[in-house]
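Coordinate-derived values only; no laboratory data. Keep in mind that what you see is a predicted model, and the values were worked out from it rather than measured. Here Cβ is always computed from backbone atoms with ideal geometry, including for glycine, and neighbour counts include all displayed protein chains.
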Amino acid sequence: MPERFKRGAAILPSILTTGNLFFGFWAIVRTIHKDYAGAADWIILAVLLDIFDGRIARMTGTASEFGGELDSLADAISFGVAPAVLVYCWGMQLLPRAGWLVAFFFVVGGVMRLARFNVQRHAVDGRYFVGLPIPAAAGQVTAIVLFTPEPVTQRPAAMLVGAGVLLLAVLMVSALRYPSFKKVDLRSRRRSVVVLGIAAVFLLVAWRPTWALPAMATAYALSGPFAYLLTAVRRHSGRAAPPSTAASVGT
């Protein structure tokens, strides 16, 4: 790789990360101006930049400790503070004290999730994330806001929003495993299936974004608990199998 190109490639992920940070900051500004749908759009754009900056760094061989720390700090703002401010102003102002506490717990859960990821990034299976990734949690919040951009005006609905935000905070700090999709190999024999799947997702989002985004975000958030329960059922079935097998052999 030419030296000049390598220097340019090295700075590109940091530029994308800075863009991610700007979008998160601008989402907070739009929330202050009560443009909740606009704030959600900016957070989703920040998620897209966050997806690309790490992949570009790995593809160009320019990943660094500095880039990793910068990415985590940007994520804390864009996917921790920004969605927490958004969901409080949009859906929990009818719960004055409990509302901002729940929003704060979301930020705490996200920051703890980032800290744990930084410590364990070289010690865990790259195919999975431990705990719900903070961009996914932010995406869940923004997808719901985009689905119903009008602010919540009923206290029961505000309590339901608060319960959902608390659940996301718990999922972020949990030990549940979520697929990372980092090991998807487009050079394998199944690359055509993978490419078709990705294309179908983009078409679905383009066709019905207000329905597709909440559905996909919810499905991913619930995939961790579902996989855990499925594994627990299989283990229980495996432990129960030997006695029945022995009995059948004895007869």
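The table below gives the values:
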item: Förster radius 45 Å - calculated FRET efficiency between Arg239 and Trp207, Cβ distance, rounded to 0.05; result: 0.45
item: Footprinting exposure proxy for Met92, Met159 (fewest neighbouring C-beta atoms within 10 Å first); result: Met159, Met92
item: Fewest-first ranking of Ser180, Ser64, using other Cβ atoms within 10 Å as the exposure measure; result: Ser64, Ser180
item: FRET efficiency for Ile56 and Thr231, using Cβ-Cβ distance with R0 set to 41 Å, rounded to 0.05; result: 0.75
item: Virtual spin-label span in nm between Glu150 and Ile32, 7 Å along Cα→Cβ; result: 2.8
item: Rounded if a/c under 1.5, otherwise prolate or oblate - segment 132-185, Cα gyration tensor axes; result: oblate
item: Long-range HN-HN contacts of Phe129 with modeled amide H, under 5 Å; result: Tyr178, Ser180
item: Three-way shape call for segment 75-122 based on the alpha-carbon gyration tensor, with the a/c threshold at 1.5; result: prolate
item: Label-point separation in nm, Leu196 to Arg121, each point 7 Å along Cα→Cβ; result: 3.6
